[in-house]
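Note sheet for the following structure.
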Amino acid sequence: MSILGCPNLPLANTPATTTVPYGQWSEEEVHESESSTLMFSTSRGCLFVAVKDCGCYEVPLHVLEQYMLNKEDTNNKEWKKLHVTKCDSKPISQTKFCLGVERKFSDPKGIVVKIAEEINGKDSLTEDKDGIQDIKNCIRLDGQGKYGLLARGDADCFLRLPKQGYVDFVWDVSPGYLVLKEGGGEMTDVKGHQIDFSHIGGTERRAKLPDHVRGIFGSCGGVFHKALVESYSKVTR
């Protein structure tokens, strides 16, 4: 079982999802927060809950707060079963990326930007306020909430290519992996191989991913995931 608690993540289909940068509080939300006696906003904050072979669900934190205060059962319809973007619902050239904020850490060589250009075309790039190339169709945030965004179809792929020599801890990846997988998505290393989270080092279970894992690709699967792996191979030849 996997649970991701994302208290500041905008809920699906709320005005907060349209802000730039992603997730920035609107004036309306700030006013609501200052005047409300509740801890959680009605427009952001959720739990992603995934159980192996049982699917992935999302529930707003303000719903759980009301349950704890009033001891009333949460309505089943408040627990939304999630599913990634269906591969036949949009062309690959409209792939929406979900990436970390610290690009020097998660993509120090700019390979992800090259992959985005390869998949979405030459007009897919822009420049940020510092004059650095970035991806137009992209959400940037840190933390494992990215996997939840993919699981509910707010984005189509997540790429993480850390600096040479860095290996991720298992607990920084495996919870998000199950959320994404149970939402119908896929996650592999950069070569398209499944990641072994139970990798044993010596006589004990290792805290980090296998050393050969040089990066992580998460996606809605199918042709989208194939495009990531093929593009990576092409731009890193």
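Pull up segment 60-94, narrow it to residues that are of a type in the set (A, V, I, L, M, F, W, C) and closer than 30 Å to residue 228 by Cβ, then point me to the one that is modelled with the lowest pLDDT.
Here is the first cut: in segment 60-94, the residues of a type in the set (A, V, I, L, M, F, W, C) are 61, 63-64, 68-69, 79, 82, 84, 87, 92.
Those left that are additionally closer than 30 Å to residue 228 by Cβ: 82, 84, 87, 92.
On the way: 82: 96, 84: 97, 87: 90, 92: 94.
Residue satisfying both the conditions and the ranking: 87.
Being farther than 19 Å from residue 12 by Cα, in a loop (DSSP other than H, G, I, E, B) and of a type outside the set (A, V, I, L, M, F, W, C) narrows it down to one of 123, 88, so name that one. Working first, answer last.
Numbers: 123 fails: in a loop (DSSP other than H, G, I, E, B).
It is 88.
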Original post:
Restricting to segment 146-172, what's the tally of residues that are closer than 22 Å to residue 110 by Cβ, in contact with a strand residue (DSSP E or B) (Cβ under 7 Å, 6 or more places away or on another chain) and in a loop (DSSP other than H, G, I, E, B)?
Top reply: 4
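Residue-wise test of (1) outside the structural domain of residue 116 (by TED's automatic domain parsing); (2) surrounded by fewer than 19 Cβ atoms within 10 Å (Cβ to Cβ); (3) touching a helix residue (DSSP H, G or I) at 6+ places or on another chain (Cβ under 8 Å).
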position	(1), (2), (3)
149	no, no, no
154	no, no, yes
180	no, no, yes
187	no, no, yes
193	no, yes, no
205	no, yes, no
212	no, yes, no
217	no, no, yes
223	no, yes, yes
Original post:
If you check residue 143 against the conditions, is it in the same structural domain as residue 221 (by TED's automatic domain parsing), in contact (Cβ under 8 Å) with a residue 24 or more places away in the chain and not in a loop (DSSP other than H, G, I, E, B)?
Top reply: no
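Can you tell me which of 51, 101, 30 is touching a strand residue (DSSP E or B) at 6+ places or on another chain (Cβ under 6 Å) and either within 29 Å of residue 224 (Cβ to Cβ) or at pLDDT below 90 (or both)? Don't jump to the end; show me each part of the working.
On the way: 51 fails: touching a strand residue (DSSP E or B) at 6+ places or on another chain (Cβ under 6 Å); 30 fails: touching a strand residue (DSSP E or B) at 6+ places or on another chain (Cβ under 6 Å).
One residue alone meets the criteria, 101.
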Original post:
How do the pairs read when you match residues in segment 29-43 that are assigned to a helix (DSSP H, G or I) with residues anywhere that are modelled with pLDDT of 85 or more and surrounded by 13 or more Cβ atoms within 10 Å (Cβ to Cβ), using Cβ under 7 Å and keeping only pairs 6 or more apart or on different chains?
Top reply: 29/41; 29/43; 32/41; 33/41
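Does residue 57 qualify as being aromatic (Phe, Trp, Tyr), on the phi < 0 side of the Ramachandran plot and touching a Ser or Thr at 6+ places or on another chain (Cβ under 6 Å)? Give the derivation first.
On the way: aromatic (Phe, Trp, Tyr): yes; on the phi < 0 side of the Ramachandran plot: yes; touching a Ser or Thr at 6+ places or on another chain (Cβ under 6 Å): no.
Against the criterion (aromatic (Phe, Trp, Tyr), on the phi < 0 side of the Ramachandran plot and touching a Ser or Thr at 6+ places or on another chain (Cβ under 6 Å)), residue 57 does not qualify.
Being surrounded by fewer than 17 Cβ atoms within 10 Å (Cβ to Cβ), in contact with a Lys or Arg (Cβ under 9 Å, 6 or more places away or on another chain) and small (Gly, Ala, Ser) narrows it down to one of 100, 131, 121, 110, so name that one.
Numbers: 100 fails: surrounded by fewer than 17 Cβ atoms within 10 Å (Cβ to Cβ); 131 fails: in contact with a Lys or Arg (Cβ under 9 Å, 6 or more places away or on another chain); 121 fails: in contact with a Lys or Arg (Cβ under 9 Å, 6 or more places away or on another chain).
Criteria check complete, one pass: 110.
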Original post:
So which residues in segment 183-208 are among the hydrophobic types (A, V, I, L, M, F, W, C) and either at pLDDT 90 or above or not in a loop (DSSP other than H, G, I, E, B) (or both), if there are any at all?
Top reply: 187, 190, 195, 200
**OP:** Considering only segment 91-105, state which residues are within 13 Å of the chain's Cα centre (by Cα) and assigned to a loop (DSSP other than H, G, I, E, B).
**Re:** 96, 100, 101
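What number of residues within segment 1-17 satisfy the criterion of being in a helix (DSSP H, G or I) and either in the same structural domain as residue 183 (by TED's automatic domain parsing) or under 18 Å from residue 148 (Cβ atoms) (or both)?
Of the residues in segment 1-17, the ones in a helix (DSSP H, G or I) are 15-17.
Add one more test, that the residue is either in the same structural domain as residue 183 (by TED's automatic domain parsing) or under 18 Å from residue 148 (Cβ atoms) (or both), and what stays is 16-17.
The total comes to 2.
The values are calculated or read from the model by the stated rules, or taken from the named source; none is laboratory data. Here the structure is a predicted model, which is why all the values come from computation and not from measurement. Note that we place each Cβ from the backbone using ideal geometry, even for glycine, and neighbour counts take in every protein chain shown.
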